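Notes follow once the structure below has been shown.
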Amino acid sequence: MKRLHLIATLALVLGVAAVAYASGDAGGAEAAHHGLNWKDFLLRVVNFVLVFGLIAKLAGKKIVGFFRGRGVQIENQLADLEGRKADAAKRLAEIEGSISNLAAEKARIEEEYRRQGETLRDSIVAAAEAKAIQIREQATSAAAAEARVAIQQLRAELAESVIAAAKASLEKKLTAKDQEKLVDEYLTKVVFN
């Protein structure tokens, strides 16, 4: 790991140095004939290495710690996300299980309500039949009582009519003397009995 770090740092230094040399004034047309000024290039590389070394010495541990801490933080976040993903998968499985049980639960509830409805219907029908029987019995007894009263009234009226007719018939046939004789006979029977 350290070797890879060192190689990456060296490549970065050489790349930055090449960019710095290319951007600098190379002496016009003279430099174009002579090629690369190695002395100037070497000074620039040494300058860069010293600045980079100084920064690495002063802030290197903090920079490395920052990147390591950031790496640990990212690992922790990934672990947390994995845990959340596992919890979400578990919750999804529970919800899917409850949804699959939902149809069975619905059927059970419908059957329970149907059974309760039938029981309620049967009790209402039984109560209505009992009330109908009670009403019939009351109507029968009321009709019988009214019939008895009507019969008694008819008998009373018939008796009055018979008496009136007998009285009228007797008055036509009997004379006053016969009437007195009958009254005396009845009085005698009533007094002796």
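Among residues other than Asp184 whose Cβ falls under 14 Å from its Cβ, what is the net charge (Lys/Arg +1, Asp/Glu -1)?
Around Asp184, the charge tally is 0.
With unit charges on the beta carbon (Lys/Arg positive, Asp/Glu negative), name the residue among Val45, Ser141, Thr188 whose Cα is farthest towards the positive pole of the charge dipole of the chain.
After comparing all options, I get Val45.
Residues with beta-carbon under 13 Å from that of Thr119, excluding Thr119: net charge, scoring Lys, Arg +1 and Asp, Glu -1?
Taking every other residue near Thr119 into account, the sum is -1.
Size of the dipole of the stretch 35-193 about the Cα centre, Lys and Arg at +1 and Asp and Glu at -1 on the beta carbon, nothing else charged, in debye to 20?
That gives the stretch 35-193 a dipole magnitude of about 1660 debye.
Please go through the stretch 157-190 and write out the GluC sites (Glu not before Pro) that DSSP classes as loop and that have at most 15 other C-beta atoms within 10 Å.
For GluC sites (Glu not before Pro) across the stretch 157-190 that sit outside H, G, I, E and B with at most 15 neighbouring Cβ atoms in 10 Å, the list is empty.
Using the Kirkwood formula on the Cα atoms of the stretch 49-102, what hydrodynamic radius do you get, in angstrom to one decimal?
With all distinct Cα pairs of the stretch 49-102 included, I get 14.6 Å.
Divide by every residue of the chain the summed helix terms, -39500 (n - 2.57) for each DSSP H run of at least 4, and state the resulting mean residue ellipticity at 222 nm, rounded to the nearest 500 deg cm²/dmol.
-35000 deg cm²/dmol
Quick one: what does P(r) look like for the stretch 62-149 with 5 Å bins over all Cα pairs, in whole %?
Per 5 Å bin, starting at zero, the Cα-Cα P(r) for the stretch 62-149 comes out as 3, 10, 7, 7, 6, 7, 6, 6, 5, 5, 5, 4, 4, 4, 4, 3, 3, 3, 2, 2, 2, 1, 1, 1, 0 percent.
How far apart, in nm, are the 7 Å Cα→Cβ label points at Lys167 and Glu129?
Going from the Lys167 label point to the Glu129 one covers 5.8 nm.
For Ser98 and Arg136, what is the calculated FRET efficiency with R₀ set at 41 Å and r taken between the beta-carbons, to the nearest 0.05?
Between Ser98 and Arg136 the formula returns 0.15.
Taking a spot 7 Å from the Cα of Val16 along the direction of its beta carbon, which residues of the stretch 34-50 have an amide N less than 19 Å from it?
40-50
What is the sum of charges around Gly69, taking Lys and Arg as +1, Asp and Glu as -1, for the other residues whose C-beta is under 15 Å from the C-beta of Gly69?
+3
Suppose R0 equals 45 Å. What FRET efficiency, 1/(1 + (r/R0)^6) with r the Cβ-Cβ distance, do Ala144 and Ala107 give to the nearest 0.05?
Between Ala144 and Ala107 the formula returns 0.25.
How would the stretch 100-193 be classified by its alpha-carbon gyration tensor: rounded, prolate or oblate, with rounded meaning a/c under 1.5 and the a/b versus b/c comparison settling the rest?
Because a/c hits 1.5 or more and a/b exceeds b/c, the stretch 100-193 counts as prolate.
Read-outs: derived from the displayed coordinates by stated rules, not from any lab. In this text the structure is predicted, and so the values were computed from the model without any measurement. For neighbour counting, all protein chains shown are included, and Cβ atoms are generated from backbone atoms with ideal geometry for every residue, glycine included.
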